[in-house]
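What follows is calculated from the coordinates using simple rules that are stated; it is not laboratory data. Bear in mind the structure is a predicted one, so any value in this text is a computation, not a measurement. Cβ atoms come from the backbone with ideal geometry, glycine included; neighbour counts cover every protein chain shown.
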Amino acid sequence: MPTLRPEVEALLGREFRCLDKGFVRLIDVMGDDRAIVQAARVSYGEGTRTPSDDRKLIRYLMRHRHTSPFEMVEFKFHIKLPIFVARQWIRHRTANVNEYSGRYSILREEFYEPAPEQIRPQSPLNKQGRASTPLPEAQAQAILERLRRTQQALYAEYQELLAQNVARELARINLPLSLYTEWYWKIDLHNLFHFLRLRLDEHAQYEIRVYARAIAGIVKVVVPLAWEAFEDYVLEGMSFSRQEQLVLRHLLRPEQLTEELLQQAGLSGREAQEFREKLARICSRGNALE
């Protein structure tokens, strides 16, 4: 079994703080960049391949959406997060989850309190998100105090029900979504990249983005070549619809594409050729605008 690199070993068990009381901890990891290329080549040894060959292969796999080799790498995290964040998170169903149980254990008095600058009005443009500017400081502080009073009152009621020997599974039902929970979350790299693509996006809710950034920092260390490809082709990449390509056809000037320009952009020989082919396809398609 391959040994973990020292920088990966140093991540195991380390607590990355998130929000006011949450965290992300890497518990275990199986595989790294080498596992991806080995799976793609269906081999069990390092062979005579060089690191540059591995990088090219990983980039090719990511570029062409050959996803199964990335499933050979798995991460196991211990995560502490507010329940309302957990309910967003659980929408990513291609993972294994085991959560702290309020039926077996007494839930701790730990609630999420947003920072004052995160207390904002509803966005006029985004129906599911907050605006970019915070509420006035006095109003934000008043809202925070109201949240605290409600949380304290509901937790006191929870304790009273427990003291009356009401079953834990019933005593908990009025507790708010701001309560913290914990879980173990295990996921392969392909599906983790999908999670990060959505949850690192600026349109994702701020609170879950905080966790996504913490996880991204861990992934970068464990699989640096795969992360580089993911960043280049997915996070910073984009696609165009058929209609958008018709517009691009009017704007593109393929004759201005020089070898020097391709090299300055950092495209490898194969990437440059594929880029030329993309441009050729766009420029050869029927033009509905004429």
Single condition residue 60 does not satisfy, out of (1) part of a helix (DSSP H, G or I); (2) in contact with a Gly (Cβ under 6 Å, 6 or more places away or on another chain) = (2)
Restrict the check to the range 131-152 and report whether at least one residue is touching a residue at least 40 places away in the same chain (Cβ under 8 Å) and assigned to a strand (DSSP E or B).
-> no
In the range 164-197, what residues are within 12 Å of residue 89 (Cα to Cα) and free of Cβ contacts under 8 Å to residues at least 60 places away in the same chain?
-> 196
Among the candidates 242, 213, single out the residue that is under 25 Å from the mean Cα position of the chain (by Cα) and surrounded by fewer than 16 Cβ atoms within 10 Å (Cβ to Cβ).
-> 213
Go through the residues of the range 203-215 one by one and say whether even a single one is over 18 Å from residue 79 (Cβ atoms) and without any contact (Cβ under 8 Å) to a residue 12 or more places away in the chain.
-> no
Positions within the range 253-269 being in contact (Cβ under 8 Å) with a residue 24 or more places away in the chain and farther than 22 Å from residue 284 by Cβ, in sequence order = 268
The range 90-114, subset hydrophobic (A, V, I, L, M, F, W, C) and assigned to a strand (DSSP E or B), residue nearest to the chain's Cα centre (by Cα) = 97
Go through the range 97-149 and count every residue that is surrounded by 13 or more Cβ atoms within 10 Å (Cβ to Cβ), β-branched (Val, Ile, Thr) and closer than 22 Å to residue 181 by Cβ.
-> 1
Can you work out which of the residues in the range 245-277 that are among the charged types (D, E, K, R) and loosely packed, with under 12 Cβ neighbours inside 10 Å is nearest to residue 64 (Cα to Cα)?
-> 277
Quick one: would you say residue 66 is within 16 Å of residue 227 (Cα to Cα), touching a residue at least 24 places away in the same chain (Cβ under 8 Å), out of contact with any Asp or Glu (no Cβ under 9 Å at 6 or more places or on another chain) and not in a helix (DSSP H, G or I)?
-> yes
Those residues of the range 118-138 which are within 23 Å of the chain's Cα centre (by Cα) and charged (D, E, K, R), in sequence order | 127, 130
